[in-house]
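To start, the structure itself, in structure tokens.
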2 protein chains.
Amino acid sequence: MDMPDTAERLIRSTQELLWDRGYVGTSPKAIQQHAQAGQGSMYHHFAGKADLALAAIQRSAAELRAEAETALGGRGTALERIDAYLLRERDILRGCRLGRLAQDPDIVANEDLRQPVHETFDWLRQRLAGVVADGVRHDELPAGLDPDATAAAIAAVVQGGYVLARATSSPDSFARAIAGLRQLLGAISQHRQ
Amino acid sequence: MDMPDTAERLIRSTQELLWDRGYVGTSPKAIQQHAQAGQGSMYHHFAGKADLALAAIQRSAAELRAEAETALGGRGTALERIDAYLLRERDILRGCRLGRLAQDPDIVANEDLRQPVHETFDWLRQRLAGVVADGVRHDELPAGLDPDATAAAIAAVVQGGYVLARATSSPDSFARAIAGLRQLLGAISQHRQ
DNA sequence: GTCTATAAGAAGATAGAC
DNA sequence: GTCTATCTTCTTATAGAC
């Protein structure tokens, strides 16, 4: 268990702070303190706040994608894989690492910083749409169902569930939204074994 | 068309800036410039940034609630009223005035500032649940449907739709999520006239 | 009510020593 | 690679004149 090197600690610290406070709310000083790195260290390894944030966002995007893939690429029916995604462990009140950045004006205004966020959500929707399409192909889901729209609704319930949970300071709000979506999906499923 | 008085301009300016930049990203100076009010003016009318933000958030919460009520309290079947809510005009890429505040660490950390956000989302879910319950009562929607969970899912798709739209810089992402939800609701509805 | 002056501290770096 | 010094601008006010 060696201590990660300085650049690595800076990236990980920035990931944590971006998650909790966003880009606008995260200062270089706070990053340095969290990473136990000096001013000079940070500016030696990274050109500045934006450069470091880019590394952190790319890292978070890759992690998120891997976690989603674990659920969506698992075994089971389409509905079971969607359930695995919807019910996977989440730090609900902390929100989505990437989704929160979509609210940040300085992220949205900076094309470099926005790109990994954009790409990840594009990937997620396509990945979810693929699973929905599988469900339609195997007669689990009705033939008329639009995989892209359904996928977008699923991703939106998760992102919106986070918002509702934070707004009400209660993870229950997230759970309720997920339960509502699962009930709708269950109601239209063809229950084939 | 008189110019609103100073306190009023300060509140409206703060509403706009909170919407676009959040609490952490909004400085008193920016508010003063937007409102064309001086430093002394602002601190004469309000105790400080938090006090002014509270007034602005309460105002935005009341406005949002009134707009939702217009759609949800209109005439028509339950599904038509939900559609009216889902399809009402929105400034999609700007996001939700209140939902974006749920991401703000300084809002969540301050009970006074969080309260109007919390209350508004509680109200919205209950209001939506009432409409869903109406639908169940009138046999538009299946008897087994959980109104609270369905309401949470509907609110989450809207909030999440905003997140997806901002993440992808495209209002289409919002529209797709709404379309997905409407397709699910349509599929389970009983199509009674 | 509004204006200007003042101020302690943070934000986001740059420069040069070690 | 890391450290300290320095710098400009911004943040969030307070104080007192007008």
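The values are calculated or read from the model by the stated rules, or taken from the named source; none is laboratory data. Keep in mind the model is a prediction, meaning the values are calculated, not measured. Cβ sites come from the backbone with ideal geometry, for glycine too, and all protein chains shown count toward neighbours. When the accessible area is computed, the model is the full protein with side chains, heavy atoms only, and any ligands, DNA or RNA have been set aside. Shrake-Rupley method; radii C 1.70, N 1.55, O 1.52, S 1.80 Å.
Of the listed requirements (1) part of a helix (DSSP H, G or I); (2) more than 12 Å from every other protein chain (Cβ to nearest Cβ), B:Glu140 misses just one: (1). Filtered by the rule that a residue be open to solvent by less than 10 Å² (accessible area, probe 1.4 Å) and either more than 9 Å from chain B (Cβ to nearest Cβ) or assigned to a helix (DSSP H, G or I) (or both), the stretch A:86-102 gives A:Leu86, A:Gly99, A:Leu101, A:Ala102.
For the stretch A:167-193, residues that are within 15 Å of A:Gly95 (Cα to Cα), at the interface with another protein chain (Cβ under 7 Å from one of its Cβ atoms), open to solvent by less than 30 Å² (accessible area, probe 1.4 Å) and touching a residue at least 40 places away in the same chain (Cβ under 8 Å) total 0. Among the residues in the stretch A:132-146, are any more than 29 Å from A:Thr14 (Cα to Cα) and of a type in the set (Val, Ile, Thr)? Yes, the stretch A:132-146 contains at least one residue that is more than 29 Å from A:Thr14 (Cα to Cα) and of a type in the set (Val, Ile, Thr).
Looking at A:Ala78, A:Ala53, just one residue is open to solvent by less than 30 Å² (accessible area, probe 1.4 Å), aliphatic (A, V, I, L, M), closer than 16 Å to A:Ala102 by Cα and away from DNA strand D (no atom under 14 Å from the Cβ), and that residue is A:Ala53. Residues that are among the hydrophobic types (A, V, I, L, M, F, W, C) and assigned to a loop (DSSP other than H, G, I, E, B) occur in the stretch B:106-129; there is at least one. Any idea which residue in the stretch A:15-50 is surrounded by the fewest Cβ atoms within 10 Å (Cβ to Cβ), counting only those that are within 14 Å of chain B (Cβ to nearest Cβ), touching a residue at least 60 places away in the same chain (Cβ under 8 Å) and more than 16 Å from DNA strand D (Cβ to nearest atom)? Checking each candidate, the answer is A:Asp20. Taking helices (runs of 4 or more DSSP H) as the structural unit, those lying wholly within the stretch A:1-69 and holding at least 2 residues that are more than 26 Å from A:Phe121 (Cβ to Cβ) and more than 10 Å from DNA strand C (Cβ to nearest atom) correspond to A:6-21, A:28-35.
Restricting the stretch A:103-129 to residues that are closer than 24 Å to B:Gly25 by Cα and free of Cβ contacts under 8 Å to residues at least 12 places away in the same chain leaves a set whose member that is least open to solvent (accessible area, probe 1.4 Å) is A:Val108. When the stretch A:37-80 is filtered for residues that are touching a Gly at 6+ places or on another chain (Cβ under 6 Å) and not aliphatic (A, V, I, L, M), nothing remains.
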